[in-house]
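Trainee: Sharing a structure, written as structure tokens. Questions coming.
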Amino acid sequence: MTAHTAGATARVESAAAPEQDYADYAAHGGIVRGALEWVTAHQDRFALPADVSDPRTDLNWSMKPLGELARLSTSITRTAHTVAEHLHDEEWRRLARHARGLLDFAWAEIAEGRVLLELARAEPHATYPLEIYSAFASAGLRDEEFEEFTGALVRTRAWAFTEQQPNRRLGVLAAEHHARLPSHDDPTEVLRRTWLGSLPEPWTFDVAAGYALTHTVFHLTDWGARPAGVPADLNRYLHHWLPCWLDTCLEDQQWDLTCELLAVGASLPAPYPPDRYRPVWRELAARRAADGSLHEVGPDTEGPDTEGRDDGPPDRFTHRYHSTLAVAFAAALTAAALTAAGVPAHGGRATAFQAGAHR
Amino acid sequence: MKNLSGAVCDLASEVVSVLRDGDHRAVISPNGQGPDAELGVAAVRVLGADVLLPSTLHRHPAAPGDLRLVREAVRTFPPGGDASASTEWSHWAMREALRRHDPTAAAPQLSGAAPDAAWLSRLSWQELTHQLAVLGALAVPPAVAGPSPVVAAAAPRTLDLARGFVRAVRRRDWLQAAGAGRWLAVLDSDTSPVPATLGLDAGLDFVLRMGGADPRVALHAHAARLLRAGAAG
């Protein structure tokens, strides 16, 4: 656990440093680094059990964390690379390599696609193997055999009418695209069946609606890579109402959802302005543990890791692996949004943002 | 002495009742005073100009008894030198309401300059919503209540107030939500529209269902609905 210890030291030092400006690259780079170090220190907890394709294995505690690691490390790799190129900055290059290393680890865990093919053979009409595959495919990691096998199944009527929430349906459509398969539905129509796509009364927001909303935006934008995927009415709607949702999510100590909402803000065609997100980031950054990780909700009262799966969930890892990946994802996207606004490397006050900010 | 918050709720219930009926009748029953007269005046001071709201919105002359009590509240509870801005403003609103409803009764305590409203424009959307909700009795259209520096200061900030409404509903702070909703009903205009996606009418209905057991919530929510329906427009 070398990286773990190093992360803790870095945080202790930074506690005495002057307050970070969360419209600055360095502050976000620090968050990404701390989170990735924690993930690397706990990489063994993402590893798949030998019996992953046994129907009795609970995929929620095996395939799901690994799939999320693949999804978010794909996005962090690409985003950190964008920032590194903009700033010509070695630290962001290191972060991109670090995230890419995690993605490669996940790819090795699924035996370069063969595990997903086994899962698809075990449950040929389930969409999740393809959804997980798409994270790898969008990073250029492909398995022809998997694509060929799934390609036949997506042509069935049953596949087109799989009963799923509309936001997840958007994810399946995006996955078909990444796997170079024919699309079975029109994403524009599916979007209008999602909670967000209906431009709902913003006071009806709750945690479930919040996660549906964030995933709708992630699918529309390919996890932040394509802000133009957000239609103008949704962009305007989100600028109107993100401030109240962020405010109340912070108050309710919904740290994981706060990260996802910040990631949404950074994925918009006109990114959420720094003057609004600064206090949110300040609060979120302060909620991280000394080891760079972030827990999902509520006060951080959890004890040490129980180490190993046999102790059974939930333990410290299960309550923080997702939010730790999410905080790195949101911080990297926020930094990338600064580059899109042309903010320079040092002393960058994000004036360009304010000009384009939607009130 | 009965407690003040109970007396305020009783009085607010009466206002709601008259507001909803639209009848031309007094808010305060003439024989409802008696031993609790002092408490009654204090309750009038708390609700402030809203005691005359049914007359204002339905454009009826105010009942003499209501006017007398409002006048007495103005006289009995003048804002002290260290009064908060909201106390000063709610006092100002009572004075203005008296001047409108009873122009003949010019009295020294009814005169005086309007307090400062510039501070409102410096508040964050959360603070603005809180302050304006406290000043809910000032949320009356200038078309019926005359010009108001608070309405003028709040007018460009419909989006901020709409955000505050959402926040208040999320926090289940029904009184603040109803107050913010009432302000939005007053301020919605072509130059500073309330975003259509807010769903203000459904929101007011929701607030009324969730928090309307509190007559102060019901007062603001019913006032807002009346305004949305075009009363006093």
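Every number in this text was worked out from the coordinates using simple rules, so none of it is lab data. This one's a predicted model, so the numbers in the text were calculated from it and none came from an experiment. Cβ coordinates were reconstructed from backbone atoms using ideal geometry, including for glycine residues, and neighbour counts include every protein chain displayed.
Trainee: If you take the charge dipole of the protein assembly as shown about its Cα centre, with +1 on Lys and Arg Cβ and -1 on Asp and Glu Cβ, which of A:T334, B:L123, A:Y237 is farthest toward its positive end?
Mentor: B:L123
Trainee: Do you know the relative contact order of chain B, to the nearest whole percent, from alpha carbon pairs under 8 angstrom that are 6+ apart?
Mentor: Details: 316 pairs, mean separation 45.2, N = 233.
Over chain B, the number comes to 19 percent.
Trainee: Same structure again: Shape verdict for segment B:116-233, please, from the Cα gyration tensor: rounded (a/c under 1.5), prolate (a/b greater than b/c) or oblate.
Mentor: Working: a/c = 1.45, a/b = 1.21, b/c = 1.19.
Verdict is rounded for segment B:116-233.
Trainee: Can you bin the protein assembly as shown into rounded, prolate or oblate? Criterion: square roots of the alpha carbon gyration tensor eigenvalues sorted a ≥ b ≥ c, rounded for a/c under 1.5, prolate for a/b above b/c, oblate for the rest. Intermediate values should be presented prior to the final figure.
Mentor: Details: a/c = 2.62, a/b = 2.21, b/c = 1.19.
The shape class here is prolate.
Trainee: OK, next. Assigning unit charges at the beta carbon (Lys, Arg +1; Asp, Glu -1) and nothing else, what dipole magnitude in debye, to the nearest 20, does chain B show about its Cα centre? Intermediate values should be presented prior to the final figure.
Mentor: Working: 23 positive and 22 negative charges, 56 e Å.
With only Lys, Arg, Asp and Glu charged at Cβ, the dipole is about 280 debye.
Trainee: For chain A, modelled as a Gaussian network with Cα springs under 10 Å, which listed residue fluctuates most, A:G210, A:G265, A:G151?
Mentor: Between A:G210, A:G265, A:G151, it is A:G151 that shows the largest mean-square fluctuation.
Trainee: Further question on the same structure: Compute, for segment A:21-343, the length of the dipole vector about the Cα centre, with Cβ point charges of +1 (Lys, Arg) and -1 (Asp, Glu) only. Units Debye, rounded to 20.
Mentor: Working: 30 positive and 48 negative charges, 160 e Å.
Its charge dipole is roughly 760 debye.
Trainee: Taking 8 Å as the Cα distance limit and 6 or more residues as the minimum spacing, I'd like the relative contact order of chain A as a percentage.
Mentor: Values: 484 pairs, mean separation 87.6, N = 359.
Computed value for chain A: 24 percent relative contact order.
Trainee: Sticking with this structure for a sec: First check a/c for chain B, with a ≥ b ≥ c the square roots of the eigenvalues of its C-alpha gyration tensor; if it is under 1.5, answer rounded, and if not, answer prolate when a/b is larger than b/c or oblate otherwise.
Mentor: Details: a/c = 1.56, a/b = 1.34, b/c = 1.17.
The shape class here is prolate.
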